[in-house]
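**Q** Below you'll find the structure I mean.
The values are calculated or read from the model by the stated rules, or taken from the named source; none is laboratory data. None of the values given here were measured: they were computed from a predicted structure. Cβ coordinates were reconstructed from backbone atoms using ideal geometry, including for glycine residues, and neighbour counts include every protein chain displayed. Heads up: the accessible areas ignore ligands, DNA and RNA and are worked out on the full protein's heavy atoms, side chains in. Shrake-Rupley method; radii C 1.70, N 1.55, O 1.52, S 1.80 Å.
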Amino acid sequence: MSLPNDPLPLIREKALWMRRRAFRMVFEAQLGHPGGDFSAIDVLATLYFGAMRHDPSRPDDPSRDRFIMSKGHATGAIYTALAAAGFFPEDWLDTYMRPRSLLNGHPNRNYLPGIETNTGPLGHGFPVAVGIAIAGQIDGAGFRTFVLTGDGELQEGSNWEAAMTAGHRRLAHLTLIVDRNRLQQGAGTEETNGLDPLDDKFRAFGWHVEEVDGHDHAALLKVLGSPVGDRTRPLCVIASTVKGKGVSFMENKASWHHGVPNAAQFDQAMKELA
Amino acid sequence: MAQAAPVQTGLHDCREAWARTIEDLAAADPRIVAVVNDSVGSSKLGGFQKKYPQRLINVGIAEQTMVGVGAGLANGGKVPFVSAASPFLTGRSLEQVKADVAYSNVNVKLVGQSSGVAYGELGPTHHSIEDLAWLRPLTNLTVVVPSDSWETAEAVKWAAEHEGPVFLRISRMPVPDLAIPNRVFRVGQAETVRDGDSLAIIACGTTVHLAAEAADRLAAEGIRARVLNMATISPLDRDAVLAAAETGAIVTVEEANILGGLGSAVAEVTAQARPVPIEMVGFPGFLPTGSVEWLFEQYGLSPEGIVAAARRALSRKGA
């Protein structure tokens, strides 16, 4: 996909559209994880409309950049990103979670082009991304591999096996983005099983770390658009985000992890997302 | 298709056949890589590592990431053989096997080494007798339990050519190659080792040669036992099981927990379509301390034990 010289207006437009469309999906299905969708949507809009090389007409192109949504429950974010990028028709979004829909509550690569691996249980996407990056390293391929995890998700031990492996093998074409909204399903991450200092943890595992406002498209584009750091280590982008970002009554509320809106809340959100 | 593996005399550790075959295949197909958890030695991959150091990915003692990395390598165009001691490959990373490999339906080959009770005295933490029960229900995953070195080599070759997830359960206990003329490996199809219609003995892996020996002893008394090598546990050869049920009595034999293994698979078919008395030879659960040979003897995984099970099954015939 060719990108405009200044992708920021497009990223902004797509991020707004994704929020509105994702919220409508969740409202109509009365199911979903809108809080985590909205904390991740600016990262995904930046990736799909500013950072990644991808061609929706050739989703299996071996040289494509890969994106893996390790927090697979954030389907409102990944499905709207793929529809916006042209991987499948927008009206497929209307089927979200309906019987036999291709849009399951967690993504399935055998249902949808653009999904690299089936995620859902946490701590799975990151090791798979490491494997993709190793394949690229063996072949000397130029593609990049991006993986987004939640922050609470990092409590799963498999992630630290993956972080150790990526650091050890110096997977310079691998980028991990941590959606650091500081809330997990039930409470804050730091009161549940604290992650701080997260930057030091990744540095100790051999990673280059960048911290960025996860809703600032320009700042995200700067760290995601072209490889940063010393280019001999994997890159960890800790994106400071707000769960439910963009809708006043959802922001920073753990209850919106899998909360769903009533009609009044839906109308209110559509007014705010304009 | 590569040339058929040679049939050998004497007893052989099937890991040797695995190692020879994967090295040969890797020479011809640069996409083949091996993924291990510090298990180069126990997977007999020292030769592979020497020849293809870049294609041997050792993630250390990290089974969850080992399987996830395998799925990622498949995404990147490789044909990964993820090889580790079976209890840890299947138990520790069961959710990765389910989600990243089977449900994602990717081209990963899982190779469970030293399966069953190969680790004998090391005890139930190191026994892999639950693996068939864990893996059998996973859609898309073909589960193969080779009976000997010849079949191990053929199964590895088949797995490399097959596009999709496979679990190969490799044994460590030395076993003889089955003496079957003009053998052809056919995944998903039971292999007739002995023909007969008095009853059917359905076995897999290290127990097939024991079942054949039991059938020969029964034959001396005029009891004609059919012996089937059911190397493919999933998908199961239903037709062969239903034909076996027509004999009126079945014995199943496996180096595995009888809860959820080959015996259960056979019973699932017969109970629904053609009820028949079944005697299951295998392990009942966590096992006491003992060598692999002692455990086999103790739990009837022997010609004597299988003959006794056959008599029990025959006594229930038509009851």
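**Q** Pull up the range B:114-132, narrow it to residues that are open to solvent by less than 10 Å² (accessible area, probe 1.4 Å) and either β-branched (V, I, T) or within 14 Å of another protein chain (Cβ to nearest Cβ) (or both), then point me to the one that is nearest to B:E16 (Cα to Cα).
**A** Across the range B:114-132, the extreme among qualifying residues is B:V117.
**Q** Here's something else I'd like to know. Can you find, within the range A:106-132, the residue that is surrounded by the most Cβ atoms within 10 Å (Cβ to Cβ) among those that are more than 7 Å from every other protein chain (Cβ to nearest Cβ) and in a helix (DSSP H, G or I)?
**A** As a first pass, look at the range A:106-132 and keep what is more than 7 Å from every other protein chain (Cβ to nearest Cβ): A:106-108, A:111-115, A:119, A:122-123, A:125-126.
Next cut, in a helix (DSSP H, G or I) only: A:125-126.
Numbers: A:G125: 33, A:F126: 30.
My answer is A:G125.
**Q** When you scan the range A:50-67, do you find a residue that is away from chain B (no Cβ under 14 Å), part of a helix (DSSP H, G or I), touching a residue at least 40 places away in the same chain (Cβ under 8 Å) and not basic (K, R), even just one?
**A** yes
**Q** Right, something else. With the checklist (1) under 12 Å from A:I238 (Cα atoms); (2) among the polar types (S, T, N, Q); (3) within 11 Å of chain B (Cβ to nearest Cβ) in hand, flag the one item A:T175 doesn't pass.
**A** With respect to (1) under 12 Å from A:I238 (Cα atoms); (2) among the polar types (S, T, N, Q); (3) within 11 Å of chain B (Cβ to nearest Cβ), A:T175 is out only on (3).
**Q** Ok, one more. Is it true that B:A243 is small (G, A, S), assigned to a helix (DSSP H, G or I) and within 19 Å of B:D197 (Cβ to Cβ)?
**A** In short, yes.
**Q** Continuing with the same structure: Select, from B:A211, B:A267, B:A243, the only residue that is within 25 Å of B:L138 (Cα to Cα), hydrophobic (A, V, I, L, M, F, W, C) and open to solvent by less than 70 Å² (accessible area, probe 1.4 Å).
**A** Of B:A211, B:A267, B:A243, the one residue that is within 25 Å of B:L138 (Cα to Cα), hydrophobic (A, V, I, L, M, F, W, C) and open to solvent by less than 70 Å² (accessible area, probe 1.4 Å) is B:A267.
**Q** Listed residues A:G167, A:G157; which is open to solvent by 30 Å² or more (accessible area, probe 1.4 Å) and within 14 Å of chain B (Cβ to nearest Cβ)?
**A** Going through A:G167, A:G157 in turn, the sole match is A:G157.
**Q** Now for a different question. Go through the range A:158-191 and report how many residues are within 25 Å of A:P107 (Cα to Cα) and within 20 Å of the chain's Cα centre (by Cα).
**A** Qualifying residue count, the range A:158-191: 20.
**Q** Answer yes or no as to whether B:S198 is buried (at least 24 other Cβ atoms within 10 Å of the Cβ) and either in contact (Cβ under 8 Å) with a residue 60 or more places away in the chain or out of contact with any helix residue (DSSP H, G or I) (no Cβ under 7 Å at 6 or more places or on another chain) (or both).
**A** Working: buried (at least 24 other Cβ atoms within 10 Å of the Cβ): no; either in contact (Cβ under 8 Å) with a residue 60 or more places away in the chain or out of contact with any helix residue (DSSP H, G or I) (no Cβ under 7 Å at 6 or more places or on another chain) (or both): yes.
So B:S198 fails the test.
**Q** Would you check which residues across the range B:63-78 are among the charged types (D, E, K, R) and either more than 7 Å from chain A (Cβ to nearest Cβ) or part of a helix (DSSP H, G or I) (or both) and list them?
**A** B:E63
**Q** Please find, within the range A:170-192, the residue that is farthest from B:D38 (Cα to Cα) out of those that are open to solvent by 10 Å² or more (accessible area, probe 1.4 Å) and assigned to a helix (DSSP H, G or I).
**A** By that ranking, first place goes to A:E191.
**Q** For A:L235, state whether it is among the hydrophobic types (A, V, I, L, M, F, W, C), in contact with a Ser or Thr (Cβ under 8 Å, 6 or more places away or on another chain) and open to solvent by 30 Å² or more (accessible area, probe 1.4 Å).
**A** Considered against the rule, which asks whether it is among the hydrophobic types (A, V, I, L, M, F, W, C), in contact with a Ser or Thr (Cβ under 8 Å, 6 or more places away or on another chain) and open to solvent by 30 Å² or more (accessible area, probe 1.4 Å), A:L235 comes out as no.
**Q** Additional query: Is it true that B:D24 is modelled with pLDDT of 95 or more, within 20 Å of A:A163 (Cα to Cα) and either within 14 Å of chain A (Cβ to nearest Cβ) or part of a helix (DSSP H, G or I) (or both)? Give the steps one after another, and end with the answer.
**A** Values: modelled with pLDDT of 95 or more: yes; within 20 Å of A:A163 (Cα to Cα): no; either within 14 Å of chain A (Cβ to nearest Cβ) or part of a helix (DSSP H, G or I) (or both): yes.
Here the answer is no, as B:D24 does not meet what is asked.
**Q** Does the range B:103-113 contain at least one residue that is open to solvent by less than 10 Å² (accessible area, probe 1.4 Å), under 17 Å from A:A133 (Cα atoms) and either at the interface with chain A (Cβ under 10 Å from one of its Cβ atoms) or touching a strand residue (DSSP E or B) at 6+ places or on another chain (Cβ under 6 Å) (or both)? Reasoning before the result, please.
**A** Quick first cut of the range B:103-113, residues open to solvent by less than 10 Å² (accessible area, probe 1.4 Å) only: B:104, B:108-113.
Now drop any that are not under 17 Å from A:A133 (Cα atoms), which leaves B:108.
Narrowing the set further to residues that are either at the interface with chain A (Cβ under 10 Å from one of its Cβ atoms) or touching a strand residue (DSSP E or B) at 6+ places or on another chain (Cβ under 6 Å) (or both) leaves B:108.
Yes: one or more hits.
**Q** Taking only pairs six or more apart or across chains, which ones have beta-carbon atoms under 6 Å, a first residue in the range B:93-109 that is in contact (Cβ under 8 Å) with a residue 40 or more places away in the chain, and a second residue that is among the small types (G, A, S)?
**A** B:V101/B:A71; B:V106/B:A71; B:V106/B:A74; B:N107/B:A74; B:V108/B:G70; B:V108/B:A71; B:V108/B:A74; B:K109/B:A159
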